[in-house]
1. Excluding Arg212 itself, what net charge comes from residues whose Cβ is under 12 Å from its Cβ, given Lys and Arg +1 and Asp and Glu -1?
2. For His98 and Arg242, calculate 0.36 nm times their separation in residues minus their Cα-Cα distance, and state this gained length in nm to one decimal.
3. In nm, give the distance between the simple-model label positions of Glu59 and Asp180, each being 7 Å from the Cα along the Cα-to-Cβ direction.
4. Using θ = phi - 60° and the Karplus curve 6.51 cos²θ - 1.76 cosθ + 1.60, what whole-Hz ³J(HN,Hα) does each residue of the stretch 94-106 get, with Gly and Pro shown as x?
5. Sort 39-47, 95-103, 61-69 for me by packing, meaning the mean count of neighbouring Cβ atoms within 10 Å per residue, highest on top.
6. Which pairs, out of Lys87/Lys172; Lys174/Lys196; Lys87/Lys209; Lys196/Lys216; Lys174/Lys216, put more than 27 Å between their alpha-carbon atoms?
7. Amide H to amide H, which residues 5 or more places from His56 or on other chains are under 5 Å from it, using H placed in the peptide plane?
8. List the chymotrypsin sites (Phe, Trp or Tyr not before Pro) in the stretch 137-202 that DSSP assigns to loop (not H, G, I, E or B) and whose Cβ has at most 13 other Cβ atoms within 10 Å. Which are they?
Amino acid sequence: MDSKASSPPFDSLFQSTRWTQVRQSNPASEDGQRALSELCSAYYEPVLAFLRCRLHDPEETRDLAHAFFSELLERGGLHRASPEHGKFRAYLLGALKHFLGRHFQSAHRLKRGASADHLPLDNREATLTPDSELPSPDLAFDRQWALTVLARALDTLQTQCRMEGSEALFEKAKPLLEGDLSHGVQAALAAEIGMKPDAFRMAIHRLRKRLRNGVKAEIQSTLDRDADVQEELESLFAALSR
């Protein structure tokens, strides 16, 4: 069941989305734009989670998320990001806060009378009021970032298992990998795919190890330095535990 030798390395599946490639590429280059576009697409959900904590209108939330990413893609210049933004997650959150601040300032100016003939703002103030029942925007962003990283690593592991002919095992193991089932159900799951319990437990152990490597590879693709991987892993587990 364990086709370790035939499994493609996780790094090979993430090379085109490395943050270093974005930082080092000419913003007008095809490679730089493709890498940035893939990063933005992958991390759309954390941005949406942050905005949901600041805005009440779902349609406006989606519109602002699209506007934010469109601005990042059109303006480029991310190769000049300062050293403290060595993590794509940190850069993205900082850029989002700056973008939202400019949006709020613009909305405030409109509310005070600029372009009043063109844009009625009777309900605009409520739209910009944070919901006290929601988690803080930063916490929501971090938790969705962690969930996104885990989901992408699971998707990659599923692709590998499909290539190895062990997708049936993956499908049975997935709830265990996600922590949704107790260990007591392993014997029943093993029987469903014709495996002995001990062999199934060993297969789950190997899949968990591969998933962890996949999470590390996904995190690594958004960093400038490999030394930051462990720190980001700790941040990911902390975010998932909240």
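The values are calculated or read from the model by the stated rules, or taken from the named source; none is laboratory data. Just so it is clear, the model here is predicted, and its values are computed rather than measured. Cβ placement follows ideal geometry from the backbone for every residue including glycine, while neighbour counts extend to all protein chains displayed. Areas reflect the complete protein model, heavy atoms only, side chains present, ligands, DNA and RNA absent. Shrake-Rupley method; radii C 1.70, N 1.55, O 1.52, S 1.80 Å.
1. Values: positive: Arg206, Arg208, Lys209, Arg210, Lys216; negative: Glu218.
Once positives and negatives cancel, what remains is +4.
2. Working: separation 144, 0.36 × 144 = 51.84 nm, distance 2.57 nm.
Full extension from His98 to Arg242 adds 49.3 nm.
3. 3.3 nm
4. Once rounded to whole Hz, the list reads x, 5, 5, 5, 5, 4, 5, x, 5, 5, 5, 4, 5.
5. On the way: 39-47: 19.4, 95-103: 15.6, 61-69: 17.4.
Listed from highest to lowest mean packing, they are 39-47, 61-69, 95-103.
6. Working: Lys87/Lys172 34 Å; Lys174/Lys196 18 Å; Lys87/Lys209 24 Å; Lys196/Lys216 30 Å; Lys174/Lys216 18 Å.
Pairs exceeding 27 Å: Lys87/Lys172; Lys196/Lys216.
7. Result for His56 returns Thr129.
8. Values: sites: Phe141, Trp145, Phe170, Phe200; in loops: none.
Sites meeting the loop and neighbour criteria: none at all.
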